[in-house]
Amino acid sequence: MIEIDGDYFKIDLLMFHRRLKKMVAIELKKGKFKPSYKGQVELYLRWLEKYEMQPGENPPIGIILCSEKSDERVELLQLEKSGIRVSQFITELPPREIFEKRLHDAIQRAREKEVEAKLLNNES
């Protein structure tokens, strides 16, 4: 529970990632991702940075877990710049064909991001 200007807020899950040396605030949401979630998690991250971060730690990151993810909204909000990531959770496995397609698509996106990162590092 954190207090800001007399109001109380509850971070759903707060963890510490030892290798990254940073706190990880996780917000759990039912339904489709909403842009307002960004502000909520940013508030938590800045509070953690100001009051809880210890010397030698890196700034905290946030993860918003939604039951429905909107890739375009996430992209337009440029959440990575705020240290926030959004992911979708499922409560039951989809049919095998859909699950395999989603897994294949996720692997492909990860590979594309890896290639982009390598290209950017080589340009520097």
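Picking from Ile90, Ile84, which residue would you name as being of a type in the set (Val, Ile, Thr), under 16 Å from Phe33 (Cα atoms) and without any contact (Cβ under 8 Å) to a residue 24 or more places away in the chain? I'd like the intermediate steps shown before the answer.
Details: Ile84 fails: without any contact (Cβ under 8 Å) to a residue 24 or more places away in the chain.
Exactly one residue qualifies, and that residue is Ile90.
Anything in the stretch 105-118 that is over 25 Å from Lys22 (Cβ atoms) and open to solvent by less than 100 Å² (accessible area, probe 1.4 Å)? List them, or say none. Spell out how you get there, then give the answer.
Looking only at the stretch 105-118, we keep the residues that are over 25 Å from Lys22 (Cβ atoms), and these are 105, 107-108, 111-112, 115.
If the condition is that a residue be over 25 Å from Lys22 (Cβ atoms) and open to solvent by less than 100 Å² (accessible area, probe 1.4 Å), then Asp105, Ile107, Gln108, Glu112, Val115 are the ones that fit.
Name the residue, out of Arg102, Arg96, that is free of Cβ contacts under 8 Å to residues at least 40 places away in the same chain, open to solvent by 90 Å² or more (accessible area, probe 1.4 Å) and over 21 Å from Lys30 (Cβ atoms). First the steps, then the outcome.
Working: Arg102 fails: over 21 Å from Lys30 (Cβ atoms).
Residue meeting the stated conditions: Arg96.
Can you tell me which residue among Ser87, Ser36 is open to solvent by 70 Å² or more (accessible area, probe 1.4 Å) and among the small types (Gly, Ala, Ser)?
Numbers: Ser87 fails: open to solvent by 70 Å² or more (accessible area, probe 1.4 Å).
None of the others qualify; the one that does is Ser36.
Which of the residues spanning the stretch 21-43 are touching a residue at least 40 places away in the same chain (Cβ under 8 Å) and in contact with a Gly (Cβ under 7 Å, 6 or more places away or on another chain)?
Val41 - this is the single residue of the stretch 21-43 that is touching a residue at least 40 places away in the same chain (Cβ under 8 Å) and in contact with a Gly (Cβ under 7 Å, 6 or more places away or on another chain).
So, in the stretch 44-79, how many residues would count as being open to solvent by less than 100 Å² (accessible area, probe 1.4 Å) and without any contact (Cβ under 8 Å) to a residue 12 or more places away in the chain? Walk me through it before giving the result.
Within the stretch 44-79, the first condition is being open to solvent by less than 100 Å² (accessible area, probe 1.4 Å), and the residues that meet it are 44-45, 47-49, 52-53, 56-71, 73-74, 77-79.
Right, trim to without any contact (Cβ under 8 Å) to a residue 12 or more places away in the chain and you get 49, 71, 78.
Selection size over the stretch 44-79: 3.
Does Lys29 qualify as being within 27 Å of Asp5 (Cβ to Cβ), in contact with a Phe, Trp or Tyr (Cβ under 8 Å, 6 or more places away or on another chain) and not β-branched (Val, Ile, Thr)? Break it down into steps so the answer makes sense when it comes.
Numbers: within 27 Å of Asp5 (Cβ to Cβ): yes; in contact with a Phe, Trp or Tyr (Cβ under 8 Å, 6 or more places away or on another chain): yes; not β-branched (Val, Ile, Thr): yes.
It is true that Lys29 is within 27 Å of Asp5 (Cβ to Cβ), in contact with a Phe, Trp or Tyr (Cβ under 8 Å, 6 or more places away or on another chain) and not β-branched (Val, Ile, Thr).
Counting residues that are modelled with pLDDT under 90 and in contact with a helix residue (DSSP H, G or I) (Cβ under 8 Å, 6 or more places away or on another chain), which strands (runs of 3 or more DSSP E) fully inside the stretch 13-120 reach at least 2?
Working: elements: 13-17, 22-32, 61-68, 84-88.
Passing ranges: none, list empty.
The values are calculated or read from the model by the stated rules, or taken from the named source; none is laboratory data. Quick caveat, the model's predicted, so the values are computed rather than measured. Counting neighbours? That spans all protein chains shown, and the Cβs are built from the backbone with ideal geometry, glycine included. To get the accessible areas, we keep the full protein, side chains included, count just its heavy atoms, and leave off ligands, DNA and RNA. Shrake-Rupley method; radii C 1.70, N 1.55, O 1.52, S 1.80 Å.
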